[in-house]
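Reading through the structure tokens given below for one structure.
The values are calculated or read from the model by the stated rules, or taken from the named source; none is laboratory data. Predicted, not measured: the structure shown is a model, and the values here were computed from it. Methodologically, a virtual Cβ is constructed for each residue, glycine included, from the backbone with ideal geometry; neighbour enumeration extends over all protein chains shown. What goes into the accessible areas is simple: the full protein's heavy atoms, side chains included, and nothing from ligands, DNA or RNA. Shrake-Rupley method; radii C 1.70, N 1.55, O 1.52, S 1.80 Å.
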Amino acid sequence: MGSGLGWSAVDRWVRHHGGVVDACFALAVAVLLLPVSLRTVWSTSWPRSLAAAVVVALVLGHAGLAARRSAPRLAYGVAGALVLLLVLVPELDPGGRTPPFSAVLLPSVLVFPIALYSVAAWCSHRTSMLALAASAAGGAAVVARLWSADYLTVAQPGVASAQDPVESWPLFLLLGALAMVAAPWCAGRYRRLRALYVAALEERARHEHEARVAEARRAAEDERRRIAREMHDVVAHSLAVMVSQAEGGRLMAARDPAATAPVLDNIARAGREAMQDMRGVLRVLDGDDRGPAGVEPRPALADLPGLVATARRSGLPVHLDEQGPRQPMSAAAELAAYRVTQEALTNVLKHAGLDAATQVHLRWRPDALELTVSNSTGPRRRATPGSGRGLPGMDERLAALGGDLRVTDRDDRFSVVAHLPTTREVAGRP
């Protein structure tokens, strides 16, 4: 693992300091190859002007390697022009025992395969293919220029004598030209494909990370909405009952102070219920379900009569009726039915007042429960401000269970109709 991390750090450093690395590499290649090439060219019998031109070309060819990563096309163009110049100039005649030979055999010609590798590694597929075609044409020109030369012969005992040796130069010439073109291009393309593959993996990892972050953000937002909905459902009804009872008690206290005792009892009872429900919600949010009594059970359809009785004690005329045989429902669906009824009765208390005749009707079907809470609105309504979470929260709760909510507001009647599935189990929390 340590070795992998070390190479990763080196790779990052190289990518961020590519210019410095290429300059150092070009200098190292020049130190190894350029002195021999310059000395050979300058000691030949060429005219000084031609020798100077070739010297300049050699220096430029080596200098181009410093831009092989930032400008690979330029480096390849300079190296290709250098090879073409060395193919066209006359043979070098260094004198002494060294026979004349073509300038394309100078050590500095090795800058060309390096430049070809750079184009294949850091340019597009189209550019690399064009460079391969141009390099193949250049290789053919080099082979044609050297084909008639005889720099290498081999005398093999039993096969050929020293007087009639085997001419091995054409074979080495072909293999050398092929190696100078095919090997660096294939190595460069491999490096290019590997870099693209790694980049694709990094991009996919980035997208997956962004998707995880977005999913976590959506989950947090959903959780916040769920908490807000639960808090609203738990507190709003009890507070509405308490406010309604307090207003009625204030009016009754002026006429008959003794009559306020039942009102105060209702207020206290609603407050205790609100506190109990709030403790249950907070315990669930804290993840603490190990108390002596555990988490309080969530309301269900069996608790609807108690809910209606609480509203009736607050002074609201409510009638509950049920039609059809009950069907099995999930706990989440029963909780949703309870919350919808609770929210609807709360809205009646807040907006219609205690004199609004209200009916809670449950109609059972084989595959769904139709829950209707309707109330008379009367000629005047109270414009009591609300949080705006009630109806949207009911709609979200039912949609999560595969149900739906419909609200109708006519001149004299306001209705909330909810449909909940009876046979479909919904996974997850309500």
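Only residues that are farther than 18 Å from Thr98 by Cβ and of a type outside the set (A, V, I, L, M, F, W, C) were counted across the range 29-78, and they come to 13. Against the definition (farther than 22 Å from Arg225 by Cβ, open to solvent by 80 Å² or more (accessible area, probe 1.4 Å) and either at pLDDT 80 or above or charged (D, E, K, R) (or both)), how does Arg365 come out, yes or no? Judged against the criteria, Arg365 is a match. When Thr310, Thr341 are screened for being in a helix (DSSP H, G or I) and modelled with pLDDT of 85 or more, only Thr341 passes. Take the conditions (1) within 19 Å of Glu370 (Cβ to Cβ); (2) modelled with pLDDT under 85; (3) among the aliphatic types (A, V, I, L, M); Leu285 misses just one of them, which is (1). Could you go through the range 125-142 and let me know if any residue there is among the polar types (S, T, N, Q), surrounded by fewer than 21 Cβ atoms within 10 Å (Cβ to Cβ) and in contact with a Leu (Cβ under 8 Å, 6 or more places away or on another chain). No: zero hits. Only residues that are open to solvent by 60 Å² or more (accessible area, probe 1.4 Å), of a type outside the set (Ser, Thr, Tyr) and at pLDDT below 65 were counted across the range 153-198, and they come to 8.
Scanning the range 338-358 for residues that are of a type in the set (A, V, I, L, M, F, W, C) and crowded, with 23+ Cβ neighbours inside 10 Å yields Val340, Ala344, Leu345, Val348, Leu349.
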